[in-house]
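The values are calculated or read from the model by the stated rules, or taken from the named source; none is laboratory data. Everything quoted here is computed from the prediction, not taken from an experiment. Quick reminder, even Gly has a Cβ in these numbers, built from the backbone with ideal geometry, and neighbours come from all protein chains shown. Quick note on the areas: whole protein, heavy atoms, side chains included, nothing else; ligands and nucleic acids left out. Shrake-Rupley method; radii C 1.70, N 1.55, O 1.52, S 1.80 Å.
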Amino acid sequence: MSHIAGTRQGVFESTLAAVEEQIRNGIWRPGDRLPPLQKLSEELNVGISTLREVLRILENRDVITIEQGRGTFIRTDLAATHALTPELTSTSLQELFEARRLLEPELAYLAAQRGFMDEIRDIDRAATEMSRLIERRQNFHQVDVKFHHLIAQAAHNEMLFRMFQSIEAQFHQGRSFTNMIPGMIEKAAHYHLIIADALCQRNAQQAKSLMQSHVEDMRSYVLGNASVNEGTTKR
């Protein structure tokens, strides 16, 4: 393979990976229409011919559907094709949310009581930034995780912080299900804002209650969808 051919293949593969990542991260979700070809090529900084080939591959994989005269859409059943991995089963998700339900409300409670003002401001900024990124259809994953991490730090309990760190990897994996459930990203962003507001007001009980509701809300939706997907893949 020539150097030029190899470069083209590399551009194709990186573009394909970039589009798939946007979908996995919930930037583009089932039912969403992708930007026009010219705009999308500019956003991804890639030629239109390469982008067309990427979209053709994704259509063959049933990730997107291209409708003449209407545009390119993320398939509405994409969540159903997102199978649980051996490392992330419905059972392990259940255990993850049980751990989060016990741990995170207490962290929020302590953060409201013990967090320094600059820590509380950082939490508030993270909540606001997540909402802004979601509105702009930009990647919000890191700031989402950061929000919960900052609260764990602001609780100023080293033992509880280490416990939180022990589940952070699974926390990231669980996001792959949340991102594909319609409306859940916006709901999570709203919870972040009102939790941050409770922290700013030093209302420990409200911060705890809101975090409980946030985790429980996500648990019911994510586990419901995960069990459906797992059952689909076994048939």
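Straight-line cross-link reach from Lys208 at under 13 Å between alpha-carbon atoms covers these aspartates and glutamates, not counting any fewer than eight positions away in the same chain: Glu104, Glu106, Asp197, Glu216.
In the context of the full set of protein chains, segment 8-71 has a per residue accessible area of 58 Å² (1.4 Å probe). Distance between the modelled labels on Arg33 and Val63, one decimal in nanometres: 2.2 nm (7 Å Cα→Cβ projection).
Label-to-label distance, Arg56 versus Phe73, with points set 7 angstrom from Cα along the beta-carbon direction: 2.3 nm.
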